[in-house]
Amino acid sequence: YESLKSFPDDFLWGASTSAYQIEGAWDEDGKGPSVIDMAQHQEGVTDFKVASDHYHRYKEDVALLAEMGFKTYRFSIAWTRIYPKGTVEINPKGIEFYNNLIDELIAHDIEPLVTMYHFDLPYALQDKGGWSNRETIDAFANYAKTLYENFGDRVKYWLTINEQNMMILHGDAIGTLDSNLENPEKELYQQNHHMMLAQAKAMILCHQMLDGAKIGPAPNISAVYPATSKPEDVLAANNFNAIRNWLYLDMVCFGRYNSVAWSYFEEKGYVPEIQEGDMEILADATARPDFIAFNYYSTATVEASRGNDDAKNSTGDQQIVIGEQGVYKGHTNQYLEKTEFGWEVDPVGFRVTLREIYSRYNLPLIVTENGLGAFDKLEEGDVVNDDYRIEYLKKHIKQCQLAITDGVELFGYCPWSAIDLVSTHQGSSKRYGFIYVNREEFDLKDLRRIKKKSFYWYKDVIASNGAII
Ligand code: BG6
C-alpha cells in the first residue's frame, strides 16, 4: 500500500489479564477454590496464591493503566469469588470487589471488557465431573445471569470463555480432565459440546437481559501454513484449520458443527452425545456473537501425518494434543524466529489470521491477547529496558493497521498483559506486562509496581492513536 488507513478514532487500545493470574487473595473474602487452586503446579514455578496481589492493589493498578491512556481493560471475573461453590450461594464480597474494580475503571474512562471464565472452573463443580457433567452448563448460565444482573448496567463488552479450543486441545493442561480415562479425546469433545451449550445460553441471556451490550467468544486462533506445497501437506493444514480453529467459531457464528471436524469425530470415535434440544439452543438466532475476540501469539505450520505419530506438538509439549494423531503433524517453521521461551514470532501471520477470520465470519474483531513472554531484568534505579517487547508489539500493531487497510473491521487491541502476572505454566519470571511487579518466583519481595520502557512507549502509541507505529 502507498498509504495506510488510520486506526478508527474510537479504537479500543488496552491490555489484558485474567483473575487467577493477577489477583492473588485466592481464599480471601469468601472466595472458593478453583481447579487452578487445587492443581499440583509444576515444580520450580510459583503457584497462584498471591500472584500480583491485584486484589489488594487494584486502585493503584487502574491508575497506572489510566496513565498509559487505556481506552479499555480486559480482565476476567473469578467465578469462585461470585459463587464459591460454582452455583447457588452468592458471595457478596465477590460482587463488591468487581463493583469496585468496574467503578474504578469507569471513573478513569476505561471501558471494562469482561471475560466470564478464564480457565478457573470452580473446584466444587469439578468435583462433580466439571464440564463432563451437564449440570455445569446451567451453573455457567446462572453465573452469567448473576454477572449481567450485577454488572450489566456498566459493562458493555462481554467475553464468554477464554480459549475454549486450547482447553480442549491441550486436554488435561488445566486440571479438568481425568487422565486415567480410556478415551480422553471423546470425553474432551463431550466437554466441548457442553461448553458450547453453556456459551450459547450465556449469549442468549445477554441479548435478552442487556440492551446494547455486546458479547463474543475468545478462542485462540492461528492461521496455519502447510510445511510444503505438497497437496497432502495442504490438506493437513486444512484439517488443522477445521479441528483447531473453525470448529469453535463455526459453532458460535453459524450454530452448527464444522463438517470436517465432525467427520473426524466419526472416524475417531469422538462423536459427543447430543441431547434433544441441544442443537436448537446452539442454532438459536440470539446465540450469535456481536463480535469475535481472539488471542494470537503465533501461526502454526503442519505437514501430513501418516497416523502413527505420537501425541506431541511441534514445541515438544507432552500434553494430549488432539489432531496430531493422524490428521496433521506439527512442523517447525524455518522462516520464523523464536522467543526465549521457544514460541515462534510471526507478525505477518497475524495479518493473515485477521483476514481469514474476518472473511469467514464478517464480524467486527478485537484482539484480546498477543504479546511476548520474557525474563525481564530490573536494573539500577528501577529501570526495565524491554526493547524486545516494544519491537514485538510494534511489528504486530503494524500488521493490525495493514489488516485494517485490507478492510478488516478491527475495533480494539489488548495485548497480553497489562501488568506482570503468573504465566499459565511457566511461573512469574516469564513476564508479559507493561508494568513490572517486583517479586521473584518464590520471594514475594515488596510486589511494587515499576513502569517498564514499554509502558512509556505504549502510552505514546495510544496518545497518537497508533500513528507513531
Ligand atoms: C493464553 C492464555 O493462552 O496465553 C493466558 O489465555 C496465558 O492465560 C497466555 O497467560 C500466555 O501463555 P503463558 O503460558 O506464557 O502464560
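The values are calculated or read from the model by the stated rules, or taken from the named source; none is laboratory data. Not measured: the values here are computed from a predicted model. Counting neighbours? That spans all protein chains shown, and the Cβs are built from the backbone with ideal geometry, glycine included.
When only residues in region 141-183 that are more than 16 Å from the ligand (Cβ to nearest atom), at pLDDT 95 or above and outside any helix (DSSP H, G or I) count, which is nearest to the chain's Cα centre (by Cα)?
Step one: of region 141-183, the residues more than 16 Å from the ligand (Cβ to nearest atom) are 141-158, 177-183.
Subsequent filtering for residues that are at pLDDT 95 or above retains 141-158.
The next check asks that each one be outside any helix (DSSP H, G or I); those that pass are 152-158.
Numbers: 152: 21, 153: 24, 154: 22, 155: 19, 156: 18, 157: 15, 158: 13 Å.
Selected residue: 158.
Annotation: of all residues in region 111-140 being part of a helix (DSSP H, G or I) and closer than 26 Å to residue 291 by Cβ, the one that is farthest from the ligand (Cβ to nearest atom) is 138. For region 88-109, the criterion of being under 30 Å from residue 181 (Cβ atoms), out of contact with any Cys (no Cβ under 6 Å at 6 or more places or on another chain) and either of a type outside the set (Gly, Ala, Ser) or part of a helix (DSSP H, G or I) (or both) is met by at least one residue. Residues that are surrounded by fewer than 22 Cβ atoms within 10 Å (Cβ to Cβ) and among the basic types (Lys, Arg) number at least 1 in the following helices (runs of 4 or more DSSP H) confined to region 184-277: 184-209, 259-268.
Residues in region 106-155 that are of a type in the set (Phe, Trp, Tyr) and on the phi > 0 side of the Ramachandran plot: 119 only.
Any residue at all in region 364-380 that's more than 14 Å from the ligand (Cβ to nearest atom), under 30 Å from residue 258 (Cβ atoms), free of Cβ contacts under 8 Å to residues at least 60 places away in the same chain and under 21 Å from the mean Cα position of the chain (by Cα)? Taking every residue of region 364-380 in turn, none turns out to be more than 14 Å from the ligand (Cβ to nearest atom), under 30 Å from residue 258 (Cβ atoms), free of Cβ contacts under 8 Å to residues at least 60 places away in the same chain and under 21 Å from the mean Cα position of the chain (by Cα). The C-beta contact set for region 14-38 (first residue within 12 Å of residue 126 (Cα to Cα) and within 15 Å of the ligand (Cβ to nearest atom), second residue small (Gly, Ala, Ser) and not in a loop (DSSP other than H, G, I, E, B), distance under 8 angstrom, 6+ apart or interchain) comprises 35/130. The set of residues in region 44-63 that are without any contact (Cβ under 8 Å) to a residue 60 or more places away in the chain, β-branched (Val, Ile, Thr) and more than 16 Å from residue 455 (Cβ to Cβ) is empty.
Yes/no per residue for (1) modelled with pLDDT under 95; (2) part of a helix (DSSP H, G or I); (3) out of contact with any Ser or Thr (no Cβ under 7 Å at 6 or more places or on another chain):
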position: 402; (1), (2), (3): no, yes, yes
position: 405; (1), (2), (3): no, yes, yes
position: 422; (1), (2), (3): no, no, no
position: 429; (1), (2), (3): no, no, yes
position: 433; (1), (2), (3): no, no, no
position: 436; (1), (2), (3): no, no, yes
position: 450; (1), (2), (3): no, no, yes
position: 459; (1), (2), (3): no, yes, yes
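Each residue in region 152-211 was checked for being within 18 Å of residue 39 (Cβ to Cβ) and among the β-branched types (Val, Ile, Thr), and 3 pass. Filtered by the rule that a residue be of a type in the set (Val, Ile, Thr) and under 21 Å from residue 119 (Cβ atoms), region 73-101 gives 77, 80, 82, 87. Among residues of region 85-101 that are over 17 Å from residue 141 (Cα atoms), those with a beta-carbon under 6 Å from a residue that is β-branched (Val, Ile, Thr) at least six positions away or on a different chain give the pairs 94/82; 98/77.
A search for C-beta distances below 9 Å between a residue of region 155-166 that is closer than 14 Å to residue 288 by Cα and small (Gly, Ala, Ser) and any residue that is modelled with pLDDT of 95 or more and surrounded by fewer than 24 Cβ atoms within 10 Å (Cβ to Cβ), counting only pairs 6+ apart in sequence or on different chains, returns nothing.
For region 301-348, filtering for residues that are buried (at least 20 other Cβ atoms within 10 Å of the Cβ), hydroxyl-bearing (Ser, Thr, Tyr) and at pLDDT 95 or above leaves 1. Go through region 200-220 and report how many residues are touching a Ser or Thr at 6+ places or on another chain (Cβ under 6 Å) and within 16 Å of the ligand (Cβ to nearest atom). So the count comes out to 2.
Filtered by the rule that a residue be part of a loop (DSSP other than H, G, I, E, B) and surrounded by fewer than 22 Cβ atoms within 10 Å (Cβ to Cβ), region 58-86 gives 69, 71, 85.
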